[in-house]
1. Could the peptides 115-128, 42-55, 22-35, 92-105 be put in order, highest first, of the mean number of other beta-carbon atoms found within 10 Å of their residues?
2. Fewest first, what order do THR136, THR82, THR113 take by the number of other Cβ atoms within 10 Å?
3. Using the crude model of +1 on Lys and Arg Cβ and -1 on Asp and Glu Cβ, and no other charge, please compute the dipole size for the range 3-176 relative to its Cα centre, in debye to 20.
4. Hey, can you grab everything whose amide H is under 5 Å from the amide H of LYS99? Only 5+ residues off in sequence or another chain; H modelled, so Pro and N-termini drop out.
5. Find which of GLY127, GLY18, PHE31 sits farthest along the positive direction of the dipole of the range 3-176, computed with +1 on the beta-carbon of Lys and Arg, -1 on that of Asp and Glu, about the Cα centre.
Amino acid sequence: MGRLKAARNFTTLLIIIGAILLLTTCENAIFGATVGISGGYMIAGAPWQTVNEFALAGTAGLYTRTGTADWNSAQIQELKPTNPNTEDWFGISTTIDGKFILVGAPYIDTFGTNNGTVYMYEINDSGTVSYRDTITPSDITSIQGFGFDIAVDGNSLIVGATDPISGGGPGAAYIFD
Ligand SMILES: [Ca+2]
């Protein structure tokens with residue numbers, strides 16, 4: 001079977017079972033800019049969501065699955081930084097791996113202008129979500145846009161650090177193990 005035919009057959013097997021939405025969105029929240037799925041959980045970022053009075057601060061919605069086919073349209077929790085600020089872009093990248101959720105905020109100003117950071121959360125046995133930590137490289141003060149993309153495989157984490165908006169240098173991909 002050729003690759004194209006295999007792809008076509010796969011497409012016909014996919015059935016749209018619903019759409020998820022963020023409970024409360026501002027105009028231009030760009031919800032769904034990034035999505036992740038693992039086990040019975042799904043996450044989707046809204047990096048331009050207004051948080052409090054802060055435009056483009058960003059959030060990410062976490063959803064769970066009920067039964068074998070239905071996704072519950074009611075979100076479990078809307079994740080956001082504890083101290084949101086204008087143009088953090090929290091949620092431009094998300095990934096979920098088992099019980100751990102990672103959300104990038106590449107334009108947050110924790111160590112300098114737009115240095116960025118990655119937030120880690122854990123889904124508890126009760127189904128609630130706890131903030132665990134932030135991840136930053138040791139040379140965080142000299143970079144911009146850390147957290148623009150995230151990928152996880154086993155114990156390895158790779159995080160893109162780039163700033164395409166203001167043109168902050170050639171960019172980098174940080175690997176954690
Ligand atoms: Ca910033």
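Bear in mind these aren't lab numbers, they're just calculated from the coordinates by the rules spelled out. Computed from a prediction, not measured in an experiment: that's the story for all the values here. We place every Cβ from the backbone using ideal geometry, glycine too, and count neighbours over all the protein chains shown.
1. On the way: 115-128: 17.7, 42-55: 21.1, 22-35: 15.6, 92-105: 23.0.
Sorting 115-128, 42-55, 22-35, 92-105 by mean packing, highest first, produces 92-105, 42-55, 115-128, 22-35.
2. On the way: THR136 20, THR82 7, THR113 10.
Fewest-to-most ranking of THR136, THR82, THR113: THR82, THR113, THR136.
3. Values: 7 positive and 15 negative charges, 154 e Å.
Dipole size: approximately 740 debye.
4. Correct list: empty.
5. Selected residue: GLY18.
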